[in-house]
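Working notes for the structure below.
Please treat every number below as a calculation from the coordinates, not as lab data. Computed from a predicted model, the values in this text were never measured in an experiment. Every residue, glycine as well, gets a Cβ built from its backbone with ideal geometry; the counts of neighbours run over all protein chains shown.
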Amino acid sequence: MPKVTLRYWDCQGRGEFIRLMLRDCGLEFEEELLKHEDLSSWPERKRMVNFGGAYGQLPVLHWQDDEDSDEVLVSQTLSIGMFLNKKLCPAQMNNPEAEAKAMSLACFVYEELHVPLLKQMWGVGAQPAQFFGEQVPRRLERLDARVPEDGFMLGDAPCWAEYLLFATLESLSQVLGEGVMSGFGYLNEFAGRMKARHGISLWTMEPRRPISLCRSEDANIKRIRIECLTAPSTPLNDVK
């Protein structure tokens, strides 16, 4: 059994889809969660490659196949996802076309939804009413037209990009409620298939799972909801 350690902040953020993937594949893993009190030491610690990875950013994954193998340090969110897919379900990544298909979905979700959503939580980026009322529906519409009607993109099990998509959809619903997904039938069915997976359902009930999407979550969600509600052009009617 491989020895796996994930290092990230004590929140869901960019680390949640990695946790979902590991748990759904039945792999035990350890976590090193940095908390608010670690912020003061972070500028120094991120310079340490074995702690902050090659680029001084989290998440970072430590992977060791067995006691006789060297440990592998994987940096950057998307690289970790692709690495895990090759380790945990190599048959899905058996040709360049499959790899490109998964990477294409992951790049779109990460660049157009996941990172912009986290920026909203940090108070930067587009105005909340513009992002949630205009950009999110357009981007969800594109995804709704491309997810499989049943099953998953590369076979009977999700690929790493689909774990990222699911985690992002869950984060959007966490901020604005389930109404953000109304009108996107295929995405809703996809989310239902993911929630029904045994490993994912176990992880969502696990006590050690971080609850917050990001630090200072309550104040930021309240601010976003108020700004969306007070913008008359925002077509989101489930913000409460």
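Here are the numbers for this structure:
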item	result
Amide H partners (placed H, <5 Å) of VAL60, local residues excluded	ARG7
Per-peptide average of other Cβ atoms within 10 Å, ordering 189-200, 163-174 highest first	163-174, 189-200
Rounded Å value of the spacing that divides the Cα centres of the range 140-193 and the range 61-127	17
Helical mean residue ellipticity (222 nm; -39500 (n - 2.57) per DSSP H run of 4+; nearest 500) of the chain	-13000 deg cm²/dmol
Descending Cα extents along the principal axes, the range 91-229, whole Å	45, 35, 25
Selected from ASN188, ASN85, ASN95 as most flexible by GNM, with the chain as the system and alpha-carbon contacts under 10 Å	ASN95
Residues LEU154, LEU27 arranged by fewest to most Cβ contacts within 10 Å	LEU27, LEU154
Segment ALA126-GLU206, extension gain: residue separation times 0.36 nm, minus the distance between their alpha carbons	25.4 nm
Flagged links, alpha-carbon separation over 27 Å, of LYS46/LYS119; LYS86/LYS195; LYS35/LYS222; LYS3/LYS101; LYS3/LYS86; LYS35/LYS86	LYS3/LYS101; LYS35/LYS86
Distant alpha-carbon pairs in the range 3-90 (separation over 19 angstrom), percent	36
Sequence of LYS119, LYS35, LYS87 once ranked by neighbouring C-beta atoms within 10 Å, starting from the fewest	LYS35, LYS119, LYS87
Per-bin percent of Cα-Cα distances, the range 35-142 [10 Å]	12, 29, 33, 22, 4, 0
Radius of gyration and maximum dimension Dmax of the chain, Cα, Å	18.0, 62
